[in-house]
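Okay, so here's the structure we're looking at.
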Amino acid sequence: MVEDLTLSKAIDFAVETEKLGHHLYSRLARRFEGDEELHALFSTLAEDEKHHAEQFAQLRDVVAAQGDDLSFEQKQYLRAVSLSDIFSGEAGLGKKPDEIKDRNDALQRAYNLEKTTLLYYQAMKEVLDHEIVDEMIAEEKKHLTRVMKYMVTDAEFRGLGDTF
């Protein structure tokens, strides 16, 4: 219910999303062990997601100590964004990792997850101006760009300075 949403609960959703991302990417890293590029990509993303979950958990503790009430409009907005396609259909977590068909399917799932997560964090930024949220937005943008490079070029990724 929108009335029950607090900033702490919104951050909890971010923590859970990062944990699910960690799980997905860890499984994909194992699945694509024979593909050095994808294995490295998904292993790195898995570790990043784990770290992001920890950062959001710290933020939740700070927010809870300061009070975390949201206006009705803020609750509605965060609820609307959180009901996106993260957990269903064609999004990153809608399919079990074992159901992902091939390299392109795995990259599309990663792209969808990163894009949806970025949208949620940008919505959070509108109700919580904090450096951790800014940092997470910047990290998700890097993830999105990194995954897109593989999708567009199907070329080896040489570093974040690499362009496509």
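The values are calculated or read from the model by the stated rules, or taken from the named source; none is laboratory data. Since we're looking at a predicted model, the values are computed, not measured. Glycine gets a Cβ as well: all are built from the backbone with ideal geometry, and neighbour counts include every protein chain shown.
Applying the selection to the stretch 54-68, what residues are in a loop (DSSP other than H, G, I, E, B) and closer than 13 Å to Met124 by Cα?
Residues of the stretch 54-68 in a loop (DSSP other than H, G, I, E, B): 67-68.
Passing the criteria: only Asp68.
Residues of the stretch 10-17 include none that is part of a loop (DSSP other than H, G, I, E, B), among the hydrophobic types (A, V, I, L, M, F, W, C) and touching a residue at least 60 places away in the same chain (Cβ under 8 Å). Within the stretch 30-58, the set of residues being surrounded by 20 or more Cβ atoms within 10 Å (Cβ to Cβ) and free of Cβ contacts under 8 Å to residues at least 24 places away in the same chain is empty. Checked against (1) modelled with pLDDT of 90 or more; (2) in contact with a Ser or Thr (Cβ under 9 Å, 6 or more places away or on another chain), His130 passes all but a single condition, namely (2).
Considering (1) modelled with pLDDT of 65 or more; (2) among the hydroxyl-bearing types (Ser, Thr, Tyr); (3) within 24 Å of Leu5 (Cβ to Cβ), the lone condition that Tyr111 does not fulfil carries the number (3). Looking at the stretch 65-91 only, could you name the residues that are at pLDDT 75 or above, touching a Phe, Trp or Tyr at 6+ places or on another chain (Cβ under 9 Å) and small (Gly, Ala, Ser)? Selection gives Ser82 alone.
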